[in-house]
Structure formats: C-alpha cells, structure tokens
Number of protein chains: 2
Amino acid sequence: MLAAAVEVIGESGTSGLSLRDLARRAGVSHAAPAYHFGDKEGLLTALASQGYELLADALEAARGAGGEILEVGLAYVRFAVDHPAHFKVMFQPDLYPDDDPTLAAARQRAAEALRAEVTALPGVDPQIARLAAWSIVHGFATLWLGGALRQAAGQDDATDLARPVIRLLFGHDSDRAT
Amino acid sequence: MLAAAVEVIGESGTSGLSLRDLARRAGVSHAAPAYHFGDKEGLLTALASQGYELLADALEAARGAGGEILEVGLAYVRFAVDHPAHFKVMFQPDLYPDDDPTLAAARQRAAEALRAEVTALPGVDPQIARLAAWSIVHGFATLWLGGALRQAAGQDDATDLARPVIRLLFGHDSDRAT
DNA sequence: CCTGAAACTTGTCATTGACAAGATGCCAGC
DNA sequence: GCTGGCATCTTGTCAATGACAAGTTTCAGG
C-alpha cells in the first residue's frame, strides 16, 4: 500500500493523493487504508518514516564504502532522485505531525549519518560546515526534483551534475579546475 | 484574496488551502474565487507568479545596493523567510501547470537576477558556480522553512546563520575563520 | 466449539472543487 | 433616458473525498 502511495505521488504529486484511489488500486474497499494508517496524516507519517530509514541506509552505505564526504553528498542526491515521492513528503512538514516517535527516531538516525561524515575544514566551525554541506546537497536535490535544473543544464544525470557542485564547496583546490 | 491565501497557507500549509475557506474569509460566496482564478490551479499559479516577481524585486534590490554575491544570497534566504507561503508554492511545481506565460516570464526575470550576480571564481565553470550558489541558498531556505534547522542551531534569525554558510562557499579565505 | 482479535466491508456525513445558470451593478453609446 | 454588454458576484447542484461508526469475515489459540 505504501508502494501504491509512492506510485500515485510520483504521478500526481502529494496533493493528488487520495486514500480512496489507493484503495481502488489495491483492490480493497475505500475504508481499508484508514484502518491501517488511521488517517491520511498517518499514511504520510509512515511514508516519511520509511523515507528517513531509506535515506539513513543510503548514507550509511556510502559512508561504509570508504566514501569521503563527496560520496555521501552524492548518495543524498541519488536518494532524492531515486525516491522522489518519499523525499517530497519528508520535507513537507505540514503534511504530517512532527511528534510521531517512529518518525523522530528515523529522522534522528538519518541526521546522525549525515552529521558524522562532515569532517571540518581547518579554521571552520564544524556546525557551519555541516549546515553548508546539508544545504547544498538538499538544495540541489530539491531544485532537480522541481525541474528547475533540467533546462538550465544539458545534463540528464543528476549525480554527474552534482559532483562538481559539491566539489566546489568541499573539494581540494586541485579538483576545482575539472 | 491572494493575501488571504497567503495567510491560510501560512497557517495550514498548501494542502489545507480551500477555495471555500478563502471565500468565507473574504466574506463572499463560495464560487467567487473560482470566477477570478478559474480554478484552484489558477489561484496557485497567480500566487507563484507573484512570488517570482517579489523574489526578482528582492534580488535586484540587493544587487543594486552595491551588494556582492553574499548579499544576493542573503536576500534569497530573507525572501523565503519573509514570504514562506509564496516560496512553498513556487517550488512545488505539481501544484500548478508550468506552461503559464505570466508565470514563465516572472520566473525568467528572477532567474536572470540570480544568474547575473554570480561572478565566476578563477578556474571554475561559471555554470557550476551558479548552480552551487543557487543550491546552497535554496537548500538553506528550504531546510529552515521546514523547521529542520531551528533545533540544530541555537540561532533564531535565519540570515545570521546563513551568512557564514554562504561565506564558506564564496567567501574569501580570510573570512572563513569568523 | 468458543473467543477474541485482525483485517477488512458497508453505510453515512460534512466538506470540497467544479460547473451551470442566473442576479446585480455599472458604464458607453445612442 | 434607454439599452446592451460586461464584470462581478450568488445560488444551486454534482461527484469525489476524508472521516467515522457499525457490522462482517477469517482465523489462531485454548
């Protein structure tokens, strides 16, 4: 059912999502989704939680694979591109209550994965560095999903375009020319 | 009426927006909004267009005031914080059709204002520099509006926090320590 | 065989977006 | 002064939706 929700959101966005349509696709009655999630908010909360878990998985995997900060950043972008529906719901906090414990735990896990990887540059407040890293990958991902970048750049692969962008912030100077 | 829409979105988010509620607040009948905007999509299109105009104004003003790139970036963040409803609608493209001519013109104007300001760093593709600049300010603004940053940082003023973040990307090395 | 819980279904209600068909007011041109 | 036309709304209606209440099926454990 969450999978069906992801599909619908991918087609019509978060506003076009209807519990009854989900039920129709799943071949059940119109009240079945309400039983499982209680509420439309409940469904979106579950979807956001799942999204944070997937994101944490992706970030931890990139970190485990010997990845430096660049790789973790690219994993963030790749997550957004591969799971656009999850990403959109996760960062639209007026769709769900933010006091759900499951969601808070998943979010905490993802935040930790992101936080651990940013090694501070010399002379820079590590908190600022973390914020900058998060901002640039999140901004890039959001703009890409919004379609704002596809026309500006000839690129059709998000990560190819994201790589030099992230390098500009954290890359060694020798990388800047590439 | 657009002002009322802004107010409602500020309270309940884009999904809680109802044409009938708008009509109630404006003291008119439930079909009056439909006459002016034709459609819910129409209303959101108008709101997005207005948002892009306001953004272009803000960016051009920052640029005109002798602002370097840092000031323009801060103006972007300030716009998002001051006009959260507009900002949210603008960058949620599944809420409105993207082929509206008025909207396209306004968007073009804002894009131009942003594009013109980014002076390339030596040895860096200017397109990449623009993308990085846009990404970092957009990401910061989005995360701030989503409430993701307010807890992490003790700051309660967005621009104070955004300043060192933007400096990290574009500032001179002498600024980094501050 | 009985019980009770999980996973639904059916039925209903207020609200919403969209549309059609009038009202009402105002102003230009004759 | 009258008429036609236009912009701005109102009333009425419809299908779709989210939420909820109450019943139904299924099935494991005792």
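The values are calculated or read from the model by the stated rules, or taken from the named source; none is laboratory data. Computed from a prediction, not measured in an experiment: that's the story for all the values here. Please note: Cβ atoms are built from the backbone with ideal geometry, for glycine as well, and neighbour counts cover all protein chains shown. Just the protein is used for accessible areas: all its heavy atoms, side chains included, with ligands, DNA and RNA removed. Shrake-Rupley method; radii C 1.70, N 1.55, O 1.52, S 1.80 Å.
Tabulated data for the structure shown
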{"read-out": "Hull-based mean projected area of chain B, where the convex hull spans the alpha carbons, in square nanometres", "value": "11.6 nm²"}
{"read-out": "Positive minus negative residues near B:ALA65 (Lys, Arg vs Asp, Glu; Cβ under 15 Å)", "value": "-3"}
{"read-out": "Whichever lysines have a C-alpha closer than 19 Å to that of A:LYS88, once near sequence neighbours (fewer than 8 apart) are set aside", "value": "A:LYS40, B:LYS88"}
{"read-out": "Integer Hz, Karplus 6.51/-1.76/1.60 couplings in order for the range A:36-52, x for Gly and Pro", "value": "6, 10, x, 5, 5, 4, x, 4, 5, 4, 4, 5, 5, 4, 4, x, 5"}
{"read-out": "Heavy atoms of B:TRP134 accessible to a 1.4 Å probe, total area in Å² rounded to 10", "value": "60 Å²"}
{"read-out": "Within-11-Å neighbourhood charge of A:GLY13 [Cβ basis; K, R +1; D, E -1]", "value": "-1"}
{"read-out": "List of the range A:1-22 residues, accessible area with partners at least 20 Å² below that of the chain alone (1.4 Å probe)", "value": "A:SER15"}
{"read-out": "Label distances, nm, A:ASP99 versus same residue in remaining copies, Cβ-directed 7 Å point", "value": "4.6"}
{"read-out": "Net +/- balance of residues flanking A:ALA26 in space, Cβ distance below 13 Å, scoring K and R +1, D and E -1", "value": "+1"}
{"read-out": "Shortest-first nm distances, B:VAL81 label point to equivalent points in other copies (7 Å, Cα→Cβ)", "value": "3.3"}
{"read-out": "Chain A Cβ-axis minimum, rotational copy B, residue and distance in Å", "value": "A:GLY139, 1"}
{"read-out": "Accessible area (Å², per residue) of the protein assembly as shown, counting only protein heavy atoms and a probe of 1.4 Å", "value": "46 Å²"}
{"read-out": "Copy-to-copy label separations for A:GLU68, where each label sits 7 Å from Cα toward Cβ, in nm and ascending", "value": "2.7"}
{"read-out": "Peptide-level mean, for B:89-97, of C-beta atoms on other protein chains within 10 Å", "value": "4"}
{"read-out": "For the range A:19-35, 3J(HN,Hα) per residue [Karplus equation, 6.51 cos²θ - 1.76 cosθ + 1.60, θ = phi - 60°, Hz, x = Gly/Pro]", "value": "4, 5, 5, 4, 4, 4, 5, 7, x, 10, 6, 5, 9, 4, x, 4, 5"}
{"read-out": "Phi to ³J(HN,Hα) by Karplus 6.51 cos²θ - 1.76 cosθ + 1.60 over the range B:130-136, Hz, x for Gly, Pro", "value": "4, 4, 5, 5, 4, 4, 5"}
{"read-out": "Exposure ranking of B:SER135, A:SER18, B:SER29 by accessible area [1.4 Å probe, largest first]", "value": "B:SER29, A:SER18, B:SER135"}
